[in-house]
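A quick write-up on the structure given underneath.
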Amino acid sequence: MVSKLPSLVVSAVTTFDGKALAKGGNQIAGFAKKAAGALGLAFSTQAVIKFGKDSVKAFAENEKSAKRLAGVVKNLGQDFETPFIEKNIDQISAKYGYQGEVIREAFQKVLTATGSVTKSNELLNASLDIAAGSGQDLVSVNQDLAALYQGNTKGLKKYNLGLSQAELKTLDFEDGLALLTKTFKGAAGDELTTYSGKMRVLGEAADNAQEIIGKS
């Protein structure tokens, strides 16, 4: 019977101890060699070892991202919202195929600008359509929405909204958001019907499974 993955690895990930994580990586190597032999895997031992190490790294990065966002939420006095935020992030990740780390970073952009979890969720949901329809990445879109909320409209020029520079300068937040929402409405859902959209969702499902393995 294959031995269990050493608990040291989990401890190293939890504390982000570089030396412990390196030692844990060596333990993964030993574990992978036994697993490859016991299961009769067609993969090379090196491939199994690499997958094990990558799994631990993926879990560590995801956990670090979650803790960073939780810290921001706590500092805003809304730490009771963290479970709801993480649940929403998981749902968006599963449906649209974005990595949890990317969604958290995007959400944090608008959260630090608005100070409101409710408003930030509204903007995050709007940004999914805006990103898909405009071709901009999700984090950049949320950075632009955060700037718009604070009265800075410079970032809107790239979305080709049909407004002059003078009109953009006088655009307020609600009108700007309404225009973006109207222009790109439904784009995120449409993207899911494309090959690239489907592959992104499939890829994120695989990445999520790898994180679960890394946690274990």
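Just one of the listed residues (192, 168, 163) is modelled with pLDDT under 95 and in contact with a Leu (Cβ under 6 Å, 6 or more places away or on another chain), namely 168.
Checking each residue in segment 74-116 for being in contact with a Leu (Cβ under 8 Å, 6 or more places away or on another chain), farther than 21 Å from residue 186 by Cα, open to solvent by less than 20 Å² (accessible area, probe 1.4 Å) and not aliphatic (A, V, I, L, M) picks out only 104. Taken over segment 145-168, the criterion of being touching a residue at least 24 places away in the same chain (Cβ under 8 Å) and under 21 Å from residue 115 (Cα atoms) is satisfied by 145, 146, 147, 148, 149, 150. Counting the residues of segment 65-108 that are over 24 Å from residue 199 (Cα atoms) and in contact with a Phe, Trp or Tyr (Cβ under 8 Å, 6 or more places away or on another chain) gives 2.
Would you check if there is a residue in segment 109-128 being farther than 20 Å from residue 194 by Cα and among the acidic types (Asp, Glu)? Looking for residues that are farther than 20 Å from residue 194 by Cα and among the acidic types (Asp, Glu), one finds at least one in segment 109-128, hence yes.
Quick check on my filter: what residues within segment 182-198 are under 16 Å from residue 131 (Cβ atoms), open to solvent by 60 Å² or more (accessible area, probe 1.4 Å) and in a helix (DSSP H, G or I)? Selection gives 182, 183, 190, 196.
The values are calculated or read from the model by the stated rules, or taken from the named source; none is laboratory data. Just so we're clear, the structure is a prediction, and the values are computed from it rather than from any experiment. Using ideal geometry, Cβ is built from the backbone for each residue, glycine included, and neighbour counts are taken over all protein chains shown. Accessible surface areas use protein heavy atoms only, side chains included; no ligands, DNA or RNA. Shrake-Rupley method; radii C 1.70, N 1.55, O 1.52, S 1.80 Å.
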